[in-house]
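The values are calculated or read from the model by the stated rules, or taken from the named source; none is laboratory data. Only a predicted model underlies this, so the values are computations on that prediction, with no experimental measurement involved. Don't worry about glycine lacking a Cβ; one is built from the backbone with ideal geometry, like all the others, and counts go over all protein chains shown.
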Amino acid sequence: MSEWANRLANIYGSFVATQQARYDAALRRFGEWYGPGQVMVYRVPGRVNLIGEHTDYQQGYVLPVALDKDFVFIARRRDDAQVRLHNMEAALFPPRQFTGFSDIAHAPAGDWENYIKGATQMLWQKAGRPLCGADILVAGAPPHGVPRGAGLSSSSALTVGAAYVLAHLNELPLSPAELAWLCGEAEWYVGTRGGIMDQFIALLGRQGHALFLDCRASGQGPRGIPQFHTMHVPLPRGYNIIVADSKVRHDNIRSDFNVRVAEDRIGVALLKRRFPYVAYLRDLEGMAWADIEPLLPETLSEEELQALGLRLEEIIDVKLPRSGEPFHVRARCRHVVSENARVRASVAALRDGDALRFGQLMNEAHASVRDDYGASRAELEVLIRLAREVDGVVGARLTGAGWGGCIVVLAREGCEADFAAHVAPRYARETGLEPDIFVCHAGDGAGVVGQQVIG
């Protein structure tokens with residue numbers, strides 16, 4: 001086996017042959033678009049969050065794993081500041097080109113170029129010096145790539161990949177944790193008001209482990225970048241993670257996601273009047289929910305919010321859909337508070353090797369994100385029900401933002417075939433959709449795969 005094949009085998013294990021064909025095709029395409037010469041090859045994983053949903057932007061706890069479903073980036077440094085982009089799925093993601101600078105004009109909303117622009121602008125601002133651009137090819141098509149809109153963080157992987165490539169080519173002295181935080185800041189460029197989980201797991205993932213991330217900064221590093229506590233948690237032996245894609249898609253930017261962010265912040269603003277130290281729902285840790293609940297209304301209209309002296313535009317600075325629906329404050333906050341406690345309990349269960357307890361916590365987390373956070377939908381509930389009917393499944397829940405996408409399942413090794421045989425045809429009959437089902441392997445975070453010469 002060649003050195004290049006060995007590198008791929010270390011990343012993908014028994015899937016090395018199909019992955020090598022994928023990499024070879026991307027290298028050929030790079031040569032067709034940009035010409036021969038030396039290139040650098042990188043990979044950036046998608047992720048699945050085992051537990052800890054919608055907690056990170058309230059400075060809570062999360063427990064994701066990096067996947068062997070990934071984006072491949074092939075890049076060559078340029079002598080000027082131009083960033084040229086090509087995608088293996090050119091029909092869906094047309095070629096783009098822009099100039100790197102500290103203030104880059106947006107492309108139209110929803111354009112894939114914006115994720116790359118956000119990362120580029122962030123690096124130009126942070127570097128404090130002129131940077132070189134790059135010719136970049138992105139390869140992320142299924143079945144090996146990260147499914148789009150499925151809740152496996154394809155958009156964050158794009159942002160992280162662009163930032164990693166440009167930082168590496170320009171020899172910027174940023175640690176993975178520092179780059180992860182900067183990438184979280186860069187995603188504000190595209191309008192999503194989220195947290196830092198996706199970026200941290202994309203850069204700090206480890207094979208065979210989940211990543212516990214405390215989303216509250218513990219201090220500042222020498223470059224003024226916040227530092228966060230992380231811990232790699234071993235996954236239980238004898239169990240696999242199965243992901244089932246519902247094939248129902250959502251749009252993080254224009255979905256209910258930002259409404260949920262606003263509802264959480266409304267809750268914080270109300271609680272702050274009683275407890276001045278509360279800046280995030282994380283600050284309620286250790287308090288009894290029975291003492292908190294009476295201070296939060298079940299629902300609150302925008303007019304009622306204004307009557308309380310609170311202005312929506314001061315709570316969240318993105319435009320929200322005007323549906324006329326009231327804000328569901330109490331339930332949204334209850335989910336975040338209880339979910340933080342479940343993540344803590346999950347870390348303890350996994351460190352003890354108690355897979356059954358962890359599976360129970362996954363089930364409880366799904367009930368909370370469905371009932372209190374309102375982030376599920378009928379198709380996901382069908383998948384969850386069918387998954388739990390399979391002998392060997394110990395836990396199942398939706399993963400990602402919700403409103404579609406994937407479920408994540410913890411199951412005993414050896415039941416994968418039974419899972420697919422039971423779930424896939426029944427889901428198709430009940431919903432008319434064909435699910436994608438695949439076994440996940442917890443992999444490493446973003447990195448350099450190697451150097452290649454295109455003839």
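If we scan the stretch 22-31, do we find a residue that is surrounded by fewer than 16 Cβ atoms within 10 Å (Cβ to Cβ) and acidic (Asp, Glu)? Looking through the stretch 22-31, at least one residue is surrounded by fewer than 16 Cβ atoms within 10 Å (Cβ to Cβ) and acidic (Asp, Glu). Based on what the data block shows, is Val343 out of contact with any helix residue (DSSP H, G or I) (no Cβ under 7 Å at 6 or more places or on another chain) and crowded, with 20+ Cβ neighbours inside 10 Å? So Val343 fits the description; yes.
Applying the set (1) modelled with pLDDT of 90 or more; (2) on the phi > 0 side of the Ramachandran plot to Ala134 leaves exactly one unmet item: (2). Among the candidates Ala177, Ala210, Ala186, the residue that is of a type outside the set (Phe, Trp, Tyr) and touching a His at 6+ places or on another chain (Cβ under 8 Å) is uniquely Ala210. Is it the case that the stretch 16-28 has a residue that's in contact with a Ser or Thr (Cβ under 6 Å, 6 or more places away or on another chain) and touching a residue at least 40 places away in the same chain (Cβ under 8 Å)? Among the residues of the stretch 16-28, not one is in contact with a Ser or Thr (Cβ under 6 Å, 6 or more places away or on another chain) and touching a residue at least 40 places away in the same chain (Cβ under 8 Å), which makes the answer no. Being within 30 Å of Val423 (Cα to Cα), assigned to a loop (DSSP other than H, G, I, E, B), touching a helix residue (DSSP H, G or I) at 6+ places or on another chain (Cβ under 8 Å) and small (Gly, Ala, Ser) is a property that Ala375 has.
To keep it simple, each residue is scored yes or no on (1) within 24 Å of Gly445 (Cα to Cα); (2) in contact with a Leu (Cβ under 9 Å, 6 or more places away or on another chain); (3) among the β-branched types (Val, Ile, Thr).
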{"position": "Val62", "(1), (2), (3)": "yes, yes, yes"}
{"position": "Leu85", "(1), (2), (3)": "yes, yes, no"}
{"position": "Gly100", "(1), (2), (3)": "no, yes, no"}
{"position": "Ala127", "(1), (2), (3)": "yes, yes, no"}
{"position": "Pro130", "(1), (2), (3)": "no, no, no"}
{"position": "Pro142", "(1), (2), (3)": "yes, no, no"}
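The condition (being crowded, with 24+ Cβ neighbours inside 10 Å, of a type in the set (Gly, Ala, Ser), closer than 21 Å to Arg260 by Cα and touching a residue at least 40 places away in the same chain (Cβ under 8 Å)) is satisfied by just one residue among Ala186, Ala157: Ala186.
Where helices (runs of 4 or more DSSP H) fall wholly inside the stretch 256-364, the ranges with 2 or more residues that are within 22 Å of the chain's Cα centre (by Cα) and farther than 30 Å from Leu410 by Cα are 257-272. Does Val16 qualify as being β-branched (Val, Ile, Thr), in contact with a strand residue (DSSP E or B) (Cβ under 6 Å, 6 or more places away or on another chain) and under 23 Å from Gln207 (Cβ atoms)? It is false that Val16 is β-branched (Val, Ile, Thr), in contact with a strand residue (DSSP E or B) (Cβ under 6 Å, 6 or more places away or on another chain) and under 23 Å from Gln207 (Cβ atoms).
Is it the case, given these coordinates, that His441 is without any contact (Cβ under 8 Å) to a residue 60 or more places away in the chain, more than 30 Å from Gly267 (Cα to Cα) and either surrounded by 16 or more Cβ atoms within 10 Å (Cβ to Cβ) or charged (D, E, K, R) (or both)? No, not satisfied. Please enumerate the residues belonging to the stretch 167-182 that are closer than 20 Å to Asp135 by Cα and either in contact (Cβ under 8 Å) with a residue 40 or more places away in the chain or within 15 Å of the chain's Cα centre (by Cα) (or both). If the condition is that a residue be closer than 20 Å to Asp135 by Cα and either in contact (Cβ under 8 Å) with a residue 40 or more places away in the chain or within 15 Å of the chain's Cα centre (by Cα) (or both), then Ala167, His168, Leu169, Asn170, Leu172 are the ones that fit.
To keep it simple, each residue is scored yes or no on (1) out of contact with any Lys or Arg (no Cβ under 9 Å at 6 or more places or on another chain); (2) not aliphatic (A, V, I, L, M).
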{"site": "Val278", "(1), (2)": "no, no"}
{"site": "Arg282", "(1), (2)": "no, yes"}
{"site": "Leu296", "(1), (2)": "no, no"}
{"site": "Gln306", "(1), (2)": "yes, yes"}
{"site": "Gly309", "(1), (2)": "yes, yes"}
{"site": "Glu314", "(1), (2)": "yes, yes"}
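The lone criterion from (1) part of a strand (DSSP E or B); (2) touching a Gly at 6+ places or on another chain (Cβ under 9 Å); (3) over 30 Å from Gly359 (Cα atoms) left unmet by Asn240 is number (3). Evaluated against (1) more than 30 Å from Val243 (Cβ to Cβ); (2) surrounded by fewer than 20 Cβ atoms within 10 Å (Cβ to Cβ); (3) modelled with pLDDT under 95, Pro95 falls short on exactly one condition, (3).
Count of the stretch 401-426 residues, restricted to those that are within 25 Å of Val343 (Cα to Cα) and either part of a strand (DSSP E or B) or touching a strand residue (DSSP E or B) at 6+ places or on another chain (Cβ under 6 Å) (or both), is 8.
Glu381 meets each of the listed conditions (1) outside any loop (DSSP other than H, G, I, E, B); (2) without any contact (Cβ under 8 Å) to a residue 24 or more places away in the chain; (3) in contact with a Gly (Cβ under 8 Å, 6 or more places away or on another chain) apart from (3). The listed residues are Asn87, Asn114, Asn6, Asn49, and the only one of them that is without any contact (Cβ under 8 Å) to a residue 40 or more places away in the chain and either surrounded by 14 or more Cβ atoms within 10 Å (Cβ to Cβ) or out of contact with any strand residue (DSSP E or B) (no Cβ under 7 Å at 6 or more places or on another chain) (or both) turns out to be Asn6. List pairs: first residue in the stretch 62-79 and in contact (Cβ under 8 Å) with a residue 24 or more places away in the chain and over 30 Å from Val369 (Cβ atoms), second residue among the charged types (D, E, K, R) and assigned to a strand (DSSP E or B) anywhere in the structure, Cβ distance under 9 angstrom, at least six positions apart or on different chains. Between residues of the stretch 62-79 that are in contact (Cβ under 8 Å) with a residue 24 or more places away in the chain and over 30 Å from Val369 (Cβ atoms) and residues that are among the charged types (D, E, K, R) and assigned to a strand (DSSP E or B), the close pairs are Val72/Arg43; Phe73/Arg43; Ile74/Asp135; Ala75/Asp135; Arg76/Asp135; Arg77/Asp135; Arg78/Arg84; Arg78/Asp135. Of Tyr42, Tyr12, Tyr23, all but one fail to be part of a helix (DSSP H, G or I), under 13 Å from Val138 (Cα atoms) and of a type in the set (Phe, Trp, Tyr); the exception is Tyr23. Counting only residues that are surrounded by 13 or more Cβ atoms within 10 Å (Cβ to Cβ) and free of Cβ contacts under 8 Å to residues at least 12 places away in the same chain, the stretch 284-303 holds 1 of them.
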